[in-house]
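To start, I am sharing the structure in question, which I have written as structure tokens.
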Amino acid sequence: MAGKVFFSVSMSLDGFIAPESPEELMGQLWMELQQWIFPQRFFRENLKLGEGGKEGRDNDIVRETFERTGASVMGKRMFDAGEKMWPEEAPFHTPVFVVTHEKRDPWERPGGTTFHFVNDGIESALDQAREAAGDRDVRIAGGGATILEYVNAGLIDEFSIALSPVLFGSGIRLFEGLDAGRVALEQVRAEPSPRVTHLTYAVRGR
């Protein structure tokens, strides 16, 4: 049986998941938004940031999200930012399908990550990701515009938000432009931790 299609993001209390400009990634607000994940043992090991790190429910969630993911889909904007920031051994370790207008040969990285560039739409990218993932789940990795396209197309089964105690004031809102008349939610879990609150929702059509 095919797995679920999901996304998982950190979000500020005022609804933002990223700064407006890619140049602001790794800036102060971005670091505050992601402060819960950087110390986690699994995150540090996966990005080869060194040994040690925190364990507990936050760490378990990072690991579980990674382990359930058989393939990822992302937009060109996220890929362009990540291409500059990810280490040589990109942190996905699965096939990644990049939604783009660009024609480009697959880009294989050490550690099992291969980026495939799909220029015939979000549904084609998802079909290819499903095939690659097998019975594991497909993660819509981002950015915000790509996530929104999949939500509005009715292609998301579930999503998780790590609600972080930070205010952005401006940037990229997760649900800016949502076709709310088509989307209904059912809360699956709410798990507080010392750093964030983890919220998980199943997505239903109205």
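The values are calculated or read from the model by the stated rules, or taken from the named source; none is laboratory data. Here the structure is a predicted model, which is why all the values come from computation and not from measurement. Note that we place each Cβ from the backbone using ideal geometry, even for glycine, and neighbour counts take in every protein chain shown. Each accessible area value is taken on the protein alone, full model and side chains, heavy atoms only, with ligands, DNA and RNA left out. Shrake-Rupley method; radii C 1.70, N 1.55, O 1.52, S 1.80 Å.
Hey, among Glu51, Glu89, Glu20, which residue is at pLDDT below 95, assigned to a loop (DSSP other than H, G, I, E, B) and in contact with a strand residue (DSSP E or B) (Cβ under 7 Å, 6 or more places away or on another chain)?
Glu20
When you look at Ile61, is it outside any helix (DSSP H, G or I) and aliphatic (A, V, I, L, M), yes or no?
no
Using the structure shown, decide if Trp36 is closer than 25 Å to Ser193 by Cα, of a type outside the set (S, T, N, Q) and open to solvent by 40 Å² or more (accessible area, probe 1.4 Å).
No.
On to the next question. Of these, Arg109, Arg41, which one is closer than 29 Å to Glu191 by Cα and free of Cβ contacts under 8 Å to residues at least 40 places away in the same chain?
On inspection, the qualifying residue turns out to be Arg41.
Given Arg104, Arg68, which one is open to solvent by 20 Å² or more (accessible area, probe 1.4 Å), of a type in the set (Lys, Arg) and over 21 Å from Val188 (Cβ atoms)?
Being open to solvent by 20 Å² or more (accessible area, probe 1.4 Å), of a type in the set (Lys, Arg) and over 21 Å from Val188 (Cβ atoms) holds for just one of Arg104, Arg68, which is Arg104.
Now a separate question. Can Val62 be described as without any contact (Cβ under 8 Å) to a residue 60 or more places away in the chain, open to solvent by less than 50 Å² (accessible area, probe 1.4 Å) and β-branched (Val, Ile, Thr)?
It is true that Val62 is without any contact (Cβ under 8 Å) to a residue 60 or more places away in the chain, open to solvent by less than 50 Å² (accessible area, probe 1.4 Å) and β-branched (Val, Ile, Thr).
A further question on this structure: Does Phe175 satisfy the criteria of being open to solvent by 30 Å² or more (accessible area, probe 1.4 Å), in contact (Cβ under 8 Å) with a residue 24 or more places away in the chain and among the aromatic types (Phe, Trp, Tyr)?
yes
Residue by residue through the stretch 23-33, note down the ones that are open to solvent by less than 60 Å² (accessible area, probe 1.4 Å), part of a helix (DSSP H, G or I) and in contact with a helix residue (DSSP H, G or I) (Cβ under 9 Å, 6 or more places away or on another chain).
Matches in the stretch 23-33: Trp30 only.
Output yes when any residue across the stretch 183-197 is crowded, with 19+ Cβ neighbours inside 10 Å and more than 23 Å from Trp36 (Cα to Cα), and no when none is.
Looking for residues that are crowded, with 19+ Cβ neighbours inside 10 Å and more than 23 Å from Trp36 (Cα to Cα), one finds none in the stretch 183-197, hence no.
Before we move on, is Asp14 over 13 Å from Gly171 (Cβ atoms), among the acidic types (Asp, Glu) and either in contact with a Phe, Trp or Tyr (Cβ under 9 Å, 6 or more places away or on another chain) or open to solvent by less than 50 Å² (accessible area, probe 1.4 Å) (or both)?
No, not satisfied.
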